[in-house]
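Inspection log for the structure reproduced underneath, given as structure tokens.
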Amino acid sequence: MAILPVLHYPDSRLKTIARPVEKVTTDIQRLVDDMFETMYHGKGIGLAATQVNVHQRVIVMDVQSTSHPPLHFINPEILDKQGEEISEEGCLSVPWVYEKVCRAAHLTVRALNKEGETFTLKAEGLLAICIQHEIDHLNGTLFIDYLSPLKKERAIKKMEKLKRRTI
Ligand code: K1U
Ligand code: ZN
């Protein structure tokens, strides 16, 4: 397994729309394993392939506050969304920024697993939020894109200031 470099805003590759996985090969299985290792290394609860500069529709997550084990989704599709919830989000690609975003509170997602089998999952709470956040990455959208222009500018300035301090 390997820890992969994570792209940071404003890298334009984060805007790439990921293509569907045509076949679940050993390369995809290795990508899933590497993404888990990268996510745990970064102390995140989720990660999309886009963030490690792989533009295929693969996401992983481990939301430990839920009863779910670590989850991976290949070609995830949201079949149904219900309700609204505002919660604080962070992102390994936008370090040090935490902002409130409004998303669907409940959803049903369909995807393939590493064995190439289709499954559906109903999610709520932080797991539902994380699934939407990660699918957004596959579509080239970051959580800060939902902020007002003023809040987005402040968030980016904060990130740049803290980034300068750590290098
Ligand atoms: O970069 C990412 O996509 C990972 C991101 C996932 C995420 C966190 C919170 C809400 C939605 C999606 C993170 O793991 S950020 C770091 C983190 O562990 C965290 C931040 C805020 C709340 C809970 C966890
Ligand atoms: Zn993110």
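Considering every residue within segment 8-23, establish whether at least one is within 20 Å of ASP136 (Cα to Cα), small (Gly, Ala, Ser) and in contact (Cβ under 8 Å) with a residue 24 or more places away in the chain. Yes, there is a match, as at least one residue in segment 8-23 is within 20 Å of ASP136 (Cα to Cα), small (Gly, Ala, Ser) and in contact (Cβ under 8 Å) with a residue 24 or more places away in the chain.
Suppose we keep only residues that are on the phi < 0 side of the Ramachandran plot and out of contact with any strand residue (DSSP E or B) (no Cβ under 8 Å at 6 or more places or on another chain) within segment 69-96. Which one would you say is farthest from ligand 1 (Cβ to nearest atom)? Break it down into steps so the answer makes sense when it comes.
The initial filter retains those residues of segment 69-96 that are on the phi < 0 side of the Ramachandran plot, namely 69-74, 76-82, 84-95.
Add one more test, that the residue is out of contact with any strand residue (DSSP E or B) (no Cβ under 8 Å at 6 or more places or on another chain), and what stays is 69, 90-91, 93-95.
Values: PRO69: 17, GLY90: 3, CYS91: 4, SER93: 5, VAL94: 8, PRO95: 9 Å.
If we take residues in segment 69-96 being on the phi < 0 side of the Ramachandran plot and out of contact with any strand residue (DSSP E or B) (no Cβ under 8 Å at 6 or more places or on another chain), then PRO69 is farthest from ligand 1 (Cβ to nearest atom).
Looking across segment 1-14, the residues that are exposed (fewer than 15 other Cβ atoms within 10 Å of the Cβ) and not acidic (Asp, Glu) come down to MET1, ALA2, ILE3, PRO5, PRO10, SER12, ARG13.
Would you check if ARG154 is among the basic types (Lys, Arg) and within 16 Å of ALA18 (Cβ to Cβ)? Criteria not met by ARG154. Screening GLN29, GLN51, GLN56 for residues that are within 10 Å of ligand 1 (Cβ to nearest atom) and farther than 13 Å from GLN132 by Cα leaves exactly one candidate, GLN51. Of all the criteria given as (1) at negative phi; (2) free of Cβ contacts under 8 Å to residues at least 24 places away in the same chain, the one not satisfied by LEU107 is (2).
Going by the conditions given, is HIS72 in contact (Cβ under 8 Å) with a residue 60 or more places away in the chain and touching a helix residue (DSSP H, G or I) at 6+ places or on another chain (Cβ under 6 Å)? So HIS72 fails the test. Taken over segment 97-152, the criterion of being more than 13 Å from ligand 1 (Cβ to nearest atom), basic (Lys, Arg) and either touching a helix residue (DSSP H, G or I) at 6+ places or on another chain (Cβ under 6 Å) or not in a helix (DSSP H, G or I) (or both) is satisfied by ARG110, LYS114, LYS122, LYS152. Has segment 50-71 got any residue that is among the aliphatic types (A, V, I, L, M), within 16 Å of ligand 2 (Cβ to nearest atom), out of contact with any Phe, Trp or Tyr (no Cβ under 9 Å at 6 or more places or on another chain) and part of a strand (DSSP E or B)? Checked segment 50-71: at least one residue is among the aliphatic types (A, V, I, L, M), within 16 Å of ligand 2 (Cβ to nearest atom), out of contact with any Phe, Trp or Tyr (no Cβ under 9 Å at 6 or more places or on another chain) and part of a strand (DSSP E or B).
Scanning segment 37-55 for residues that are without any contact (Cβ under 8 Å) to a residue 60 or more places away in the chain and buried (at least 21 other Cβ atoms within 10 Å of the Cβ) turns up THR38, MET39, VAL52. For LEU14, the test of being closer than 30 Å to ARG165 by Cα, within 12 Å of ligand 2 (Cβ to nearest atom) and assigned to a helix (DSSP H, G or I) is passed.
Coordinate-derived values only; no laboratory data. Just so it is clear, the structure is predicted and the values come from calculations on it, not from any experiment. Because the Cβ atoms are built from the backbone with ideal geometry, glycine has one as well, and the counts that use them run over all protein chains shown.
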